[in-house]
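Okay, so here's the structure we're looking at.
The values are calculated or read from the model by the stated rules, or taken from the named source; none is laboratory data. As the structure is a prediction and not an experimental result, all values here were calculated from the model. Cβ: placed from backbone, ideal geometry, glycine included. Neighbour counts: every protein chain shown.
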Amino acid sequence: MDDSCLKVLLEHLPVFWWEVDEPWQVLERGGGAFADTATGQRFLDRLRQELSVPGHPPEEGRWQTRFDGRTFDISWPLDDNRAHSRTHGLAVEVHAHAEAPRRYAAFANLVDLAPAAAFIRDCHGRYLWANHAYAHLYGTVPQQLVGKYIEDFDAPAEADQFRALDQQVLVRGTPVRHTLGYRRPDGSAGRAVGHRFPVRDNAQTCVAGIYVDITDHVRATVQRQEAEENLRALRDHSGLPCALLSANGRVVEASAAAAELFHLSLPDLVGRRAHTLLAPESDLDRLHRRWNRLIARRTRRVETSAVLVDTQGLQRRAQLHLTTIGHSAARARHVWAVVTHQSLAHETHPSLTAAQIRILSLLAEGSSNGDIATSLKLSRQTVDYHLSRLRQLLGAATRPALVARAYVLGILAPCAWPPRSATAAHPLSTA
């Protein structure tokens, strides 16, 4: 059978033959292993890379290679025409039933579709197998990785590092934990952590690796740490009395300003129940209802007021801003409480009536006794009596002093006009 008959026969078989000259210019090629010439050219480019590795071709001129997920037996050369600067070769595909069982098959089948990135390389740094997650790290698909070398996808410095790590696994024969830095397809930096370990394939020891991408986890951790640092700085250096309360009202964290407000050391304040820091008054029921709404997540924030009492028994009215933390649980686990305004500390005085607070509001507005009487539909004598009684209760000898005491004791809201009660539920309320 002449050469033409042989070539026609090979066109129907899973083989590939070629003839190249000394500078690797393809003179002729054929066979039925590849559907197009481009794939055949890529196969020859692969062989050229392998031949550049020391030890290739082996003395017997035969070895096995993987290409696009397929295994080929290579015969090199079939004959020696060096005098004519020509070299012949033949590649025969090894079918699955003829292949030796792959020891890594169970590993490959397990992680092929797993989110963890996994690969297997031979001792020369050539990819034998990779899953989709690993190929995605390089913005490609497994078929484009298999048969290529580390240098085809990684920068020279990184490729040298990865080759050294592979050699460490091959020499020691034990797994190595490794953190992998890589460049994402969008140009951003990525990080993955995992292990590399030895596996056996076709009687040779190879390196397998499995990695989990931790880029988003690391970024989220850094952002959380930064947020916690900013929150601690705000808590410790803003001068605002603030505390983190648990759902049952226990102090979990607190600022130095909060401890100072109650004349306590910071360790003594942390762990206390919040209700022990409040003076008993009629508004406590309303504060309790608002707290329950926060914990039940019917609202996220509340602005209210309460009378705080320190360890010396002195009281002060404070404006409180309460905000829940997080959204995950059905019930809020923590609430930040911030004191935005506070009155001067004072000894306990009898609670004022709604009429007395209304008189103080009108007095602070600049109304005369007669104007107050007309506005409230009271007699002049009744207004005079209330003002005299208020001067006794608040320890103020004059009308200006009475107004000043009403503000510093937290009876009137410090940032409202017209003047109104500090405990009013609505900004325009005067009661």
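Details
- Flag if residue 207 is touching a Pro at 6+ places or on another chain (Cβ under 7 Å) and not in a strand (DSSP E or B): no
- Selection from the range 129-180 of residues that are among the hydrophobic types (A, V, I, L, M, F, W, C), in a strand (DSSP E or B) and modelled with pLDDT of 90 or more: 129, 130, 176
- Some residue of the range 197-204 being outside the structural domain of residue 70 (by TED's automatic domain parsing), assigned to a strand (DSSP E or B) and either among the hydroxyl-bearing types (Ser, Thr, Tyr) or farther than 29 Å from residue 63 by Cα (or both): no
- Subset of the range 354-379 that is of a type in the set (D, E, K, R) and on the phi < 0 side of the Ramachandran plot - its residue that is surrounded by the fewest Cβ atoms within 10 Å (Cβ to Cβ): 371
- Yes/no for residue 234 being of a type in the set (A, V, I, L, M), under 12 Å from residue 338 (Cα atoms) and at pLDDT below 90: yes
- Applying the set (1) within 30 Å of residue 121 (Cβ to Cβ); (2) free of Cβ contacts under 8 Å to residues at least 60 places away in the same chain to residue 211 leaves exactly one unmet item: (2).
- Pairs, first more than 15 Å from residue 325 (Cβ to Cβ) in the range 231-257, second modelled with pLDDT under 90 and not in a helix (DSSP H, G or I), C-beta under 7 Å, six or more apart: 255/240; 257/239; 257/240
- Selection of first residues in the range 338-359 that are more than 16 Å from residue 403 (Cα to Cα) and at pLDDT 80 or above and of second residues that are among the small types (Gly, Ala, Ser) and assigned to a helix (DSSP H, G or I), restricted to Cβ pairs under 9 Å at least 6 apart or on distinct chains, gives the following pairs, ordered by first then second residue: 339/257; 339/258.
- Among the residues of the range 167-222, those identified as among the acidic types (Asp, Glu) and exposed (fewer than 14 other Cβ atoms within 10 Å of the Cβ) are 186, 216.
Residues are listed down the side, and each one gets a yes or a no for (1) under 22 Å from residue 168 (Cβ atoms); (2) touching a residue at least 24 places away in the same chain (Cβ under 8 Å):
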{"site": "121", "(1), (2)": "yes, yes"}
{"site": "124", "(1), (2)": "yes, yes"}
{"site": "130", "(1), (2)": "yes, no"}
{"site": "135", "(1), (2)": "no, no"}
{"site": "141", "(1), (2)": "no, no"}
{"site": "151", "(1), (2)": "yes, yes"}
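- Across the range 412-422, a minimum of one residue is classified as in contact with a His (Cβ under 8 Å, 6 or more places away or on another chain) and at pLDDT below 85.
- Of the listed requirements (1) touching a residue at least 60 places away in the same chain (Cβ under 8 Å); (2) touching a helix residue (DSSP H, G or I) at 6+ places or on another chain (Cβ under 7 Å), residue 380 misses just one: (1).
- Filter result for residue 175 (more than 28 Å from the chain's Cα centre (by Cα) and not hydroxyl-bearing (Ser, Thr, Tyr)): yes
- Scanning the range 364-379 turns up one or more residues that are of a type in the set (D, E, K, R), assigned to a helix (DSSP H, G or I) and modelled with pLDDT of 80 or more.
- Of the strands (runs of 3 or more DSSP E) lying entirely inside the range 1-74, those containing at least 3 residues that are at pLDDT 80 or above, touching a Leu at 6+ places or on another chain (Cβ under 9 Å) and closer than 16 Å to residue 89 by Cβ span 15-21, 26-30.
- Between 271, 249, the distinction of being at pLDDT 90 or above, farther than 30 Å from residue 171 by Cβ and surrounded by fewer than 14 Cβ atoms within 10 Å (Cβ to Cβ) belongs to 271 only.
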